[in-house]
Amino acid sequence: MPGSLKTEAIVLRGIRYGEADRVLHLYTPERGRVSAIAKGVRRAKSRFGGRLEPFFRLDLVLYEGRSDLLTVTSAETLAGHPRLREHAATLEGASRACDAVSRLFADGEPHSGVYHLLANQLALLDREPARATRANALAFRLKLLLAAGFAPQLSACTSCGEPEHLVGFSGAAGGVVCGACEAGSFALGQEGHDFLVAALGRPLAEAPDAPPRALAQAERAILETLEHHAHVRLRAVGAR
């Protein structure tokens, strides 16, 4: 039935539509990813002002008709994260976080934990620009894997259950492997393994750092797990 929907939302991205409208990709706690049109938002005297921009956290009222595309009828800012736009690293970090959520979680797939994780990540980058590091970005992706049910097995060999002599990581198997089962895996050193464990277990604000080689191994583990089990390919974070 047509009607109004009131919800919090984070703007993942916006696309120009027509002469003055914009189509928004939003992530909400109750509906997951949804799309909505903001009519007239690009006009100078739009009643929405500059609130419907990427990374804004909002209180929205959306009109839900028969179309899959909702209509924004009201928008109030909960967090605008203005400092994100002052630094290239934080802007890139926020963009990659929103892109990862958009790719990993489909339309109509609600997950309040993912909403709050993304809200925390954007608030952290806005509050502490120095947190916009490769380690932080990888820790965020690991927590998304956990929320999606694809967290890698890190405590014992995925193939045989051996808890020691863990020397590699297999994306296909979904976790670490021991020396006897390492065929088809890539080498995962102790520092890379330690980073994965700590990043999964600590809050984002306490995400550990690690040497470049360890972070490269951790990133490969994340990307291969996503490709094999979620069938999602994300852009590499790269050295930062």
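Among His165, His25, the ranking by other beta carbons within 10 Å of each residue's beta carbon, starting with the fewest, stands as His165, His25. Projecting the Cα positions of His116, Ala88, Phe150 onto the charge dipole of the chain (unit charges on Cβ atoms of Lys, Arg, Asp and Glu, taken about the Cα centre) puts Ala88 furthest along the positive direction. First obtain the Kirkwood hydrodynamic radius of the chain from its Cα pairs, then insert it into the Stokes-Einstein equation at 37 °C and 0.692 mPa s, and state the resulting D in µm² per second as a whole number. Result for D is 173 µm²/s. Around the Cα centre of the range 31-137, unit charges on the Cβ atoms of Lys, Arg, Asp and Glu (plus for the first two, minus for the last two) sum to a dipole of about 340 debye.
With a cut-off of 14 Å between beta carbons, the residues surrounding Glu182 carry a summed charge of -2, where Lys and Arg count +1 and Asp and Glu -1. Taking other residues whose beta carbon is less than 15 angstrom from the beta carbon of His231, and scoring Lys, Arg as +1 and Asp, Glu as -1, yields -1. Rounded to the nearest 20 debye, the dipole magnitude of the range 83-230 is 380 debye, with +1 charges on Lys and Arg beta carbons, -1 on Asp and Glu beta carbons, and the Cα centre as origin.
Taking a straight line from the alpha carbon of Lys6, these lysines sit under 26 Å away, with near neighbours fewer than eight places off in the same chain left out: Lys39, Lys45. Helix-only arithmetic for the chain: the sum of -39500 (n - 2.57) across DSSP H runs with n ≥ 4, divided by the residue total, places the mean residue ellipticity at 222 nm at -10000 deg cm²/dmol. The reciprocal of the average 1/r between distinct C-alpha atoms defines the Kirkwood hydrodynamic radius, which for the range 3-82 equals 12.3 Å. Taking every Cα-Cα distance in the range 10-148 and sorting them into 5 Å bins starting at zero, the pair-distance distribution P(r) comes out as 2, 10, 20, 22, 20, 14, 7, 3, 0 percent.
Could you tell me how many degrees, from 0 to 90 and to the nearest 10, lie between the Cα long axis of helix 212-225 and the main elongation axis, the longest principal axis, of the Cα atoms of the chain? Long axis of 212-225 versus the principal axis of the chain: about 70 degrees. With Cα atoms as the point set, the range 133-240 shows a radius of gyration and Dmax of 12.6, 37 Å. Put a dot 7 Å past the Cα of Ala183, heading toward its Cβ, do the same for Ala44, and the two dots end up 7.1 nm apart. With neighbour counts taken as other beta-carbon atoms within 10 Å, the residues Lys143, Lys39, Lys45, Lys6 rank, fewest first, as Lys45, Lys6, Lys39, Lys143. Between the Cα long axis of helix 190-201 and the first principal axis of the chain there is an angle of about 40°, rounded to the nearest 10.
Centroid-to-centroid, using Cα positions, the range 123-180 and the range 46-97 are 30 Å apart. Near Leu70, once Lys and Arg are set to +1 and Asp and Glu to -1 for all other residues with Cβ below 10 Å from its Cβ, the sum equals -1.
Entry note, the range 83-230: relative contact order of 22 percent, from Cα contacts under 8 Å with a spacing of 6+ residues.
Rule-based calculations on the coordinates, nothing more; no lab input. Keep in mind that what you see is a predicted model, and the values were worked out from it rather than measured. A quick note on method: Cβ atoms are made from the backbone with ideal geometry, for glycine too, and the neighbour counts reach across all protein chains shown.
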